[in-house]
Amino acid sequence: MTLVKQAYLLLCKDLLLEMRRRDSLLTMFFFGTLLLFVFHFAFDMPPDKVAELAPALLWLAFLFTGTLGLAQLFQAERDNHCLDALLLSPLDRGALFLAKTGFNLMLMLAVEVVVIPLFWILFNLSGWNLLPQLFLVTLLGTVGFCVLGTITAAITLRARARELLLPLVLFPLMIPVILATIRCMETVLKTGSFGDATPWLRLLLGFDVIFLTIGVLIFDWVIES
Amino acid sequence: MRLIVNQLAKAYGYLWALRHIDLAIAPGEFVALLGPNGAGKTTLLKLLAGLIAPTTGAIELDGRPLTANASTVRGQIGLLAPAEHLYDQLTVLENLRFFTGLYNKYGSASALQTALEEVGLAGRAQEYAGNLSAGMKCRLSIAKWRLLDPGLLLLDEPYGVLDGNGVDLLETFLRAHCAKGHIVIMASHHVARALNLCGRALILHQGRLHFDEPKQTPWPAFDRAFGDFLPRGGL
């Protein structure tokens, strides 16, 4: 059985469980929306500062929201020792990594599709035509977040204070992704195109590919240690 | 399937949970794993299942070492832990479909239905596993391992949750499993039942193997060894 086939089977299982429980998606969605409202009341964003402040605020919301989702990522496997059942099977651990990353990515994208336009409305931003470019940057940043997030969620899986430990391990590792994503978004908002941000885009793409490959290769060690 | 365990030991920090375990188990053997609480039975089962790594020593299945990456070897091992290893939010049928898929042993709808009928769960195929009692979950696990048919089946205290009918069902399954040449190792505190089924008994005490003999009738050596470590309640 191929890696992709196994990953697909696990992903279908996770999606089915999420459709029935709905706890991760609903929690993330409401938390993300709540954060936007808090930012809206807390910050008075002058038009000339939009390009500098908006990406950072948006990514703060994504980071916190995504961390909530990551904390729940292996919940189904913790119940009834189902992780043992998976580790006992001939499953390629790389498939488990791909499935969990894919599942987390789907949750994050579902939240972002709602949160980004809402952010635009709440902060009364212009430039709706820039949304496709911003979505592309967000997608690359989100892939990086999900890849690293899945690895760190697996590392902290058996830790007693895993909910506290997860952001402490994840956020420093996320610095290149956050930096590149914010710089890209800032350039798009300022100039209307990627222009000078192309190196940051390449960095994001490279980061995603490298850590996705590393994740597949080391996940057996991560999950079994 | 032949199982060889060589100088197996497991330490948790400074505490040795298991030490100097040597075993050679032939195809078709049913082994009862006995011992008081904390003797190391569950640790030994987890080591044999590959769920934890030994501190020292080696385990071989048919001459192949049980290492973390040996997915083909792992596919030959089953662990029946009552009321565990099932997804509560999947239905009974979905659990069977998922796990047979994971082992690449996709069963037809009729095969899955037959497996459920054999364990008395045919009428509950569409119910969530989380709604089942512990005994029913154990029956579902029996159906799962019947379909997956592992060469080495490990059981951790399976009797606690089963009713009389369930016990008969489990024992019939285990006898049939051994008859195919597969190995069964069962850890249990129900000594009389375990002895009735087994062809060999192991007694662990404080992480060491204190007794390992094929079954005899009568069995004075077992009685002596058993009396040293355990109360007689089960016999």
remark   = Residues other than B:Arg208 with Cβ under 14 Å of its Cβ, Lys/Arg counted +1 and Asp/Glu -1, net out at 0
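Calculated from DSSP H runs of 4 or more alone, at -39500 (n - 2.57) each and per residue, what is the 222 nm mean residue ellipticity of chain B, nearest 500?
Details: 8 runs with 82 residues, N = 235.
Counting only the DSSP helices, I get -10500 deg cm²/dmol.
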ask   = On a 0 to 90 degree scale, rounded to 10, what angle separates helix B:92-102 from the longest Cα axis of chain B?
value = 60
key: Förster radius 56 Å - calculated FRET efficiency between B:Arg64 and A:Val114 (Cβ-Cβ, nearest 0.05)   = 0.65
query = Could you give the dipole magnitude of the range A:3-224 about its Cα centre, charging the beta-carbon of Lys and Arg +1 and that of Asp and Glu -1, in debye to the nearest 20?
reply = 240
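What percent antiparallel are the DSSP beta bridges of the range B:121-235, to the nearest 5?
Working: 6 of 11 bridges.
Around 55 percent of the beta bridges assigned by DSSP in the range B:121-235 are antiparallel ones.
For a 24 Å ceiling on Cα separation, which of these pairs sit above it: A:Lys5/B:Lys46; A:Lys5/B:Lys105; A:Lys100/B:Lys10?
Working: A:Lys5/B:Lys46 27 Å; A:Lys5/B:Lys105 13 Å; A:Lys100/B:Lys10 31 Å.
Over 24 Å apart, Cα to Cα: A:Lys5/B:Lys46; A:Lys100/B:Lys10.
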query = What number, rounded to the nearest 500 deg cm²/dmol, is the helix-based mean residue ellipticity at 222 nm of chain A, given -39500 (n - 2.57) per DSSP H run of at least four residues and division by all its residues?
reply = -28000 deg cm²/dmol
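Write out the trypsin sites (Lys or Arg not before Pro) in the range A:19-74 meeting two conditions: DSSP loop, and at most 11 other Cβ atoms within 10 Å of their Cβ. List each step's numbers first, then the result.
Numbers: sites: A:Arg20, A:Arg21, A:Arg22, A:Lys49; in loops: A:Arg22.
Those satisfying the criteria are A:Arg22.
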request  = Give the calculated FRET efficiency between B:Ala24 and B:Ala109 to the nearest 0.05, with a Förster radius of 41 Å applied to their Cβ-Cβ distance.
outcome  = 0.50
note = With the dipole of the protein assembly as shown defined by +1 on each Lys or Arg Cβ and -1 on each Asp or Glu Cβ, the option from B:Ala109, A:Pro90, A:Phe39 whose Cα lies farthest towards the positive pole is A:Pro90
note = For chain B, the charge dipole (Cβ of Lys, Arg +1; Cβ of Asp, Glu -1; about the Cα centre) points to a positive end, and the Cα of B:Thr172, B:His85, B:Ile4 closest to that extreme belongs to B:Ile4
task = Could you state the angle between the C-alpha long axis of helix A:3-21 and the longest principal axis of the C-alpha atoms of chain A, as a value from 0 to 90 degrees rounded to the nearest 10?
result = 70
task = Have a look at A:Cys146, A:Cys12, A:Cys184 and tell me which one the Gaussian network model of chain A (Cα, springs below 10 Å) gives the largest fluctuation.
result = A:Cys12
note = Kirkwood-based Rg/Rh on the Cα set of the range A:3-224 evaluates to 0.99
key: DSSP-defined antiparallel bridges as percent of all bridges, chain B, nearest 5   = 55
remark   = the range B:126-163 scanned against label point 7 Å out from B:Asn196 along Cα→C-beta; backbone N under 17 Å for B:157-163
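Defining a contact as two alpha carbons under 8 Å apart and six or more residues distant in sequence, what relative contact order in percent does chain A show? Before the final figure, lay out each step's value.
Details: 212 pairs, mean separation 61.6, N = 225.
For chain A, the relative contact order is 27 percent.
Count charges around A:Asn80 for me, please; just the other residues with Cβ under 10 Å from its Cβ, Lys/Arg as +1, Asp/Glu as -1.
-3
Excluding B:Ala143 itself, what net charge comes from residues whose Cβ is under 10 Å from its Cβ, given Lys and Arg +1 and Asp and Glu -1?
Values: positive: B:Arg139, B:Lys144, B:Arg146; negative: B:Glu117, B:Glu118.
The answer is +1.
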task = Enter the angle in degrees (range 0 to 90, nearest 10) between the Cα long axis of helix A:23-42 and the first principal axis of the Cα atoms of chain A, meaning the one along which they spread out most.
result = 20
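Laboratory data are not the source of any read-out in this text; all were calculated from the coordinates shown. Note that this is a predicted model, so its numbers are computed, not measured. Please note: Cβ atoms are built from the backbone with ideal geometry, for glycine as well, and neighbour counts cover all protein chains shown.
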